[in-house]
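A short write-up of the structure that comes next.
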Amino acid sequence: MFNRSWMFRAVTAAVLIAAFSMSSLPVAAQDLVAVSSLSGSSSVFVFRSGSRGGSKPRPVAKPTRTKTQRLASAVKIKKQYETIAKNTTKVNRAKIIDPNKLGPKGGRDLPPVQASKLFAGVGEYYVDKAEYEQAFEFFREAIRLDPKNVMANTGYSEALALNGNALLVADKGEQAKGYFLEAIKFDPKNAAAYFGLGELYSETDNQAEAISSYEKSLATDKGLTEIYVPLGILYYQSGEIAKADDLLTKALASSANSAETQFFLGLVRAAQNRNEDALTAFQKAKTIDPTYPEAYFNTAETLVRLKRTGEAIPEYQKAISLRPNYLDAIAGLGQAYFDMGNFPDAIIQLKAAEKLKSDNWEVLATLGDAYRMSNEFNNAIPRYNNAILFYGKQPNVNKEIAADLNSKLGFSLGKQCEANTARFVSCERPTNLWQGAVTAMEKAVELSGGNAIDQANLGWAYYNYARLDIDSNNKAGADAKLVLAKAALQKAIAGNAIVADGALQNLGGVMIDMGDFAGAVEALKQVAGKHPEWIFSGYALGTAYFRLNDFDNSAKWFRAVLEREPKYVGALTSLGYAEIKRKNGKEVKRIVEVLRPLEPWRCDKAGKCNETGAVVVIIK
C-alpha cells in the first residue's frame, strides 16, 4: 500500500492550470481534496522537552580512588604515623632493650613479671628496626608471662599494625587485614590499625566500615591529618557533602599540591553547585597531574553546567585520549556535540559508547535522539526500543521518562512511514509502522496516567494512521481511527492549555476528514490567528470554510498563508479554486501565472512522468 497524498499539490495545480487554460471558468470546479490527503508532516506533535530532547543524565560512574592513589595514601599515612611516633613520647611503651644485653640466660632466670617487662623492651627494639617477626616473638612471650602487662599488649598491637601497613603499601591487603584486626584486639585504640582497615574497607567499597575505621583512627590520634583526604572522599561518595567539604578543605593546608585532593574538592564544590570553584579545582588537578583523565572529564562536565559546551569538547577529547575506552567521557562528548547541534559527530561518539556498553539506556536514548534529529528514523527506532527495554529493568523506573521514550519511538515510527512513502516503500513491512506508532503512544498514555501530551500524540498517531486507510479507500478503517483520534485530542485540549493549540490544529484536520466542517472551523480558528507561523492551520481553516461554501473566508485564510509562504503550491491552488467560486477570473489568471514556474512535474500524454516520480491523477 502506497500513500500518494504527497502528490496532491502538484496534481491540483495541474488541474487548475488546465481548467483556466480552456478560457472559461467551469460551472462546478473540483472541490479541494480533503486535508487527509496532505502530508502527515503538517500535523502537530508534542515533545516533552523540545523536539531535540533535553540534556539527560549520562552514565557517569561514581568517582573512586585508583589503586595507585590508595597505595600512595597508605604510604603517606604510614610515614606520618611513624614520624609522630618518633617525635612523641610514647605512652604505655616499654623501654627499648638491646637483646644482646639480656645476659647469658636471656632473661629467663628472672621472675615472670620482670621477664615480661624485659621481653617487651626487646620487642620495641625490633619494632624500631622494622623487624616485625622478631618483635612478635618477644611480645608474645612477654604477654604469656604476664597477660596484664599493658606495655607488652600495646607494643604487640603496634608491631602488628605497622607490619600490616607495610603489607598494605606492598599491595598485599588481604594479608594485612588479619594483622590489623589482631592489633585492635590487643589495643582498641590503635590508630595505625584503624586507618589500615579504613583503606582496606574503602578498596572493597564498604563505605560505612571504612568511614567508621578512619573516624576511630582520627579520634585516637588527631595528628594523622593525611586521613582527611581518604575520609573526605568517602563522605563525598556517601553523599555527606558538608563533612566532605570540611575535611578536604582542611586537607588543603598540607595537600594543596595533591591532584587527588584538588580533584575531589572539585567534586564537592560541584555537588554544592559552586561550579566556578569546582572548575578551578579541576584545572589545578590537571596542572598537577596532566595524565589524570577524570580531571579532564569533570572539567568538561563543569563547563557544560556553566553553559560553555564548546569549551568542554576538547576536555572530553583529552580525557578519551588518556583513556580510550572511557565510557563516561565518550558519552559526554556525544551529548556535547548533540547539544551543539552537531548530530553527525554526536552519532559517531554515541555509537562508540553504545559499543562499549550496549545496555545503557541513557546512551541509547540520546543516540536515538541524534538519529531522529538527523531524520534517520530507521536507526532511531531500534535505539528507542532498546532504551525502553533496558530502562524498564532499572530498580526505580520513572514513568514520565518511560512515557517520553515511548512517545519518541512512536514519532519515529510514524516519520519512517513518511520516509518510506517518499521512496515508494510500503509502511506495512515488516510491520505496520503507524500501528506501531499507535501502540507506542497508547503505552505512553498508560505510563503517564493520561498526560495531555501523550493524549495529544496518540491523537496525532491515529489521525495519520487514518490517512493511510483513506488513501487505500478503507473508509471503515479510517472512520474508526478518526473517532479515536478525536477522543484523544479532546482529552488533550481539556487537560493542558499549553498542549491545546497543537491538539486543536490536529483536531481541525480530523474534523475535516470526518466531514464536520463547522467543527473544524471552530477548532482551527482558535489557533490560525494565534499562530500565524503554523501555515497549515490557516490552510486547513481555508479548506474548512471552502467546504462550508464560505468562499470569502476561505480566500481570506489562503491569502494569509501565502503572505508567509508565497510559493506554497497547495495554498495557491486552493486560493485559485476559491476565486473561481467567487467568479474572480482576473485573480485566477494571476494565480495561474504564479503557479506555472512552480510546476514540479513533467509527464507525456501516455502518463509517463519524469524522474521526480510524480504521478498525475486526472481529476474530472
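The numbers here are math on the coordinates, done by the rules we state, and not lab data. Predicted model only: the values in this text are computed from it and were never measured. We place every Cβ from the backbone using ideal geometry, glycine too, and count neighbours over all the protein chains shown.
Points to keep in mind about this one:
- 3J(HN,Hα) along segment 561-577: 5, 6, 5, 8, 9, x, 9, 6, 4, x, 5, 4, 4, 5, 4, x, 5 Hz, from the Karplus curve 6.51 cos²θ - 1.76 cosθ + 1.60 with θ = phi - 60°, whole Hz, x for Gly and Pro.
- Cβ-based charge dipole, the chain, positive-most Cα from Tyr228, Val363, Ala253: Val363
- What you get for the chain, charging only the Cβ of Lys and Arg (+1) and of Asp and Glu (-1), is a dipole of about 880 debye around the Cα centre.
- Listed by Cβ neighbour count within 10 Å, with the fewest neighbours leading, Met511, Met340, Met373, Met441 appear as Met340, Met373, Met511, Met441.
- Within the chain, helix-based [θ] at 222 nm, where runs of 4 or more DSSP H residues each add -39,500 (n - 2.57), nearest 500: -22500 deg cm²/dmol
- Gap separating the Cα centres of segment 94-128 and segment 342-370, nearest whole Å: 70
- Point-charge dipole on Cβ atoms (K/R +1, D/E -1) for segment 299-437, about Cα centre, debye to 20: 140
- Taking each residue as 0.36 nm, the span from Asp205 to Thr83 lengthens on full extension beyond its C-alpha to C-alpha distance by 41.0 nm.
- Vicinal HN-Hα couplings computed from phi for segment 190-207 (Karplus, 6.51 cos²θ - 1.76 cosθ + 1.60; Hz; Gly/Pro x): 7, 5, 5, 5, 5, 5, x, 5, x, 4, 5, 5, 5, 5, 8, 6, 9, 5
- Spin-label model, Lys583/Lys172: points 7 Å from Cα along the beta carbon direction are separated by 11.1 nm.
- Positive-pole candidate from Ser73, Pro111, Ile143, dipole of segment 67-274, charges at beta carbon: Pro111
- Long pairs among Lys355/Lys393; Lys216/Lys318; Lys129/Lys172; Lys117/Lys185; Lys399/Lys525, criterion Cα-Cα beyond 29 Å: Lys216/Lys318; Lys399/Lys525
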